[in-house]
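Notes to accompany the following structure.
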Amino acid sequence: MESQFPHPYFSSHPKWRWFILTTVLIGATMSALDVSIVNVALPTLQNSFKVNLAVIEWVAMAYMLTLTIFLPLFGRLADIFGRSKMYNTGFVVFTVGSAFCGLATSAGFLIGARILQAVGAGLLQANSVALITQAFPASERGRAIGIQGAVQAVAMSIGPFVGGILISAIGWRAIFYVNVPIGILGTFAALYCLPAGERSGKREKIDYLGTVLFAIGLAFLVLAVNEGESIGWTSSIILTYFALSAVLITAFIITEMRIEHPMIDLSLFKRYAFSAGNFTGMLSYYVLFAVLFLMPFYLEEIGGYTPALTGSILTPIPLAMAVVAPFAGHISDKYGSRLMTSWGMAVCALATLLLIFIGQSPNTLVLIGELVILGIGMGLFTPPNNSAIMGSAPRERLGVAGGILNMMRALGLIFGVDISGVIFTSLQHSYIVSHGYGAVAFNAVPLTIRRAAFLHGFAPVMVSLLVINIVAAVLSVAKKDVYTDGLHGEPIDLM
């Protein structure tokens, strides 16, 4: 039986779309906060459960892996069964998963609960941008997506701070229990505010074969990239992972081209705004998280900063994103996404260019300024790019489009950390070996050599990020602006 909420009297009001956005923001806050709040608890969890680092890493890895591989499926299910229903289900599943995480009595139990939590987060993330696109006309869509991006950035920035306070004052279980009241609030908000009856007009079958091929193939790819450094890139296990991934994803593409109702409508990628937007979105997250991954090592090992000060220095990145994102979305509503996305990647390129030359004696204020520039660039780029992606998708594919969008960003995060980490550690190690300290423990290497080795690896990574930003900027310049009201018909390219 269909929900009686929201009442037509309220949902037909011109301003009701802002209640929809507020509901989406609750889910965005909860899922973003959870990503950053858990990382600070990993050492505490390791000590609590008396397990090694390889086991406790799966508390974070199981969540990211589950979230990444199932995002397109959750978006597809939303297109079939209704985005509001799937979003509300996401609140319920995430809340239950959070409660189970807090009740965990072993590392295995916690990892299983994190998988359940990730399923809920996936249902939320796959449908959040689709619900905004559905509710807002093109003249306001960029601003609404920008507000969502700002809220997510703030939530991620305060996550470590909130997590540290909760762990110190109450214990690690509190970082999971804090999601329960937020999830309950979100569940009722979704029930009363989100539009009802927006499911697909025609009954479509679920592509089970394509779902299995894609999920397993992507899982092997993520595992290969994530475990390659520790196991060895030329090891039989990693090579087998890559081979299986290639075979399964190829089989998936062939399957999708032959069936009537594919999990991912590959024709979406024929639209340049969609394919280029997703690719550049992945590149932008690659750059952002490569910097966020390497900078703490630089600040603590080279600058000698404490972990608390390091966190404070990195906080301006998401805060700058939060300030700029609504403005960028609003400008893109008026003048199109191409202007803002191109400038956003150009500003990110400037930031990575400056980071190449930071040296062994960092100037804190200058460094913060460079990180703020990166945050501004990401804030300029992300909302207009997301708006362009969703604006290029037809109404009946908004769910799967949102799932792909978030999946590509998650892949950018994973690849940015892992690939930049490989480049950095390889070059750092080769420098140490070339100076005759290859057989010595890292801590026994003279400090001057360690610092020089760090910069020997750090600078080329920044150069690679500079190149990636330039490529993303060029691809963004080549995009056409797309108009759609998010409510009717097919997207229209604007020259």
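Can you bin the stretch 153-197 into rounded, prolate or oblate? Criterion: square roots of the alpha carbon gyration tensor eigenvalues sorted a ≥ b ≥ c, rounded for a/c under 1.5, prolate for a/b above b/c, oblate for the rest.
On the way: a/c = 5.15, a/b = 2.15, b/c = 2.40.
Since a/c reaches 1.5 but b/c is at least a/b, the shape of the stretch 153-197 is classed as oblate.
Please arrange Met257, Met61 by counting, for each residue, the other beta carbons lying within 10 Å of its beta carbon, fewest first.
Values: Met257 10, Met61 18.
Ranking Met257, Met61 by Cβ neighbours within 10 Å, fewest first, gives Met257, Met61.
What FRET efficiency comes out for Arg173 versus Ala308 if R0 is 22 angstrom and r is the Cβ-Cβ distance? Round to the nearest 0.05.
Working: r = 23 Å, r/R0 = 1.05.
For R0 = 22 Å, the calculated efficiency reads 0.45.
Would you calculate a helix-derived [θ] at 222 nm for the chain, using -39,500 (n - 2.57) for each DSSP H run of n ≥ 4 and dividing by the full residue count, to the nearest 500?
Numbers: 18 runs with 382 residues, N = 495.
Helices in the chain give a 222 nm mean residue ellipticity of -27000 deg cm²/dmol.
Give the order of Arg409, Arg76, Arg173 when sorted by the count of other beta carbons within 10 angstrom, beginning with the fewest. Don't skip to the end; give the middle numbers.
On the way: Arg409 23, Arg76 27, Arg173 16.
Least crowded to most crowded, the residues run Arg173, Arg409, Arg76.
On full extension of the chain, what length is gained from Thr22 through Ser426, given 0.36 nm per residue of separation minus the C-alpha to C-alpha distance? Numbers along the way, then the final one.
Working: separation 404, 0.36 × 404 = 145.44 nm, distance 4.57 nm.
140.9 nm is the gain from fully extending Thr22 to Ser426.
Just check the stretch 207-262 against the gyration tensor rule for me: Cα atoms, a ≥ b ≥ c as the square roots of the eigenvalues, rounded for a/c under 1.5, and otherwise prolate or oblate depending on whether a/b exceeds b/c.
prolate
FRET efficiency for Val474 and Val366, Cβ-Cβ distance as r, R0 = 41 Å, nearest 0.05?
On the way: r = 28 Å, r/R0 = 0.69.
With R0 = 41 Å, the Cβ-Cβ based efficiency is 0.90.
Take the alpha carbon gyration tensor of the stretch 162-298, find the square roots of its eigenvalues, order them as a ≥ b ≥ c, and report rounded if a/c is under 1.5; if not, report prolate when a/b exceeds b/c, else oblate.
Details: a/c = 1.93, a/b = 1.11, b/c = 1.75.
The shape class here is oblate.
Net charge within 12 Å of Thr280 by Cβ-Cβ distance, Lys/Arg positive one each and Asp/Glu negative one each, not counting Thr280 itself?
Numbers: positive: Arg338, Arg409, Lys479; negative: none.
After counting each charged neighbour, the total is +3.
Would you list, by chain and number, the lysines whose Cα falls below 27 Å from the Cα of Lys205, excluding same-chain residues fewer than 8 positions away?
Lys85, Lys270
Roughly speaking, what is the stretch gain from Ser235 to Phe109, that is 0.36 nm per residue apart minus the C-alpha to C-alpha distance, in nm to one decimal? Could the numbers behind the result be given before it?
Details: separation 126, 0.36 × 126 = 45.36 nm, distance 3.04 nm.
Length gained, Ser235 through Phe109: 42.3 nm.
Which order results if Tyr63, Tyr335 are arranged by neighbouring Cβ count within 10 Å, fewest first?
Values: Tyr63 25, Tyr335 13.
With the fewest neighbours first, Tyr63, Tyr335 line up as Tyr335, Tyr63.
Find how much the distance from Asn39 to Met257 grows on full extension, using 0.36 nm per residue of separation minus their present alpha carbon separation; answer in nm with one decimal.
Working: separation 218, 0.36 × 218 = 78.48 nm, distance 3.97 nm.
Length difference between fully extended and current span is 74.5 nm.
Could you point to the label whose value was computed as volume of the Cα convex hull per residue in Å³ for the structure here, given (1) 154; (2) 146; (3) 163?
Among (1) 154; (2) 146; (3) 163, the one derived from this structure is (2).
Just so you know, all these numbers are worked out from the coordinates, no wet-lab data involved. Quantities reported herein were computed from a predicted structural model and do not represent experimental measurements. With ideal geometry, Cβ positions are generated from the backbone for all residues, glycine too; neighbour counts draw on all protein chains shown.
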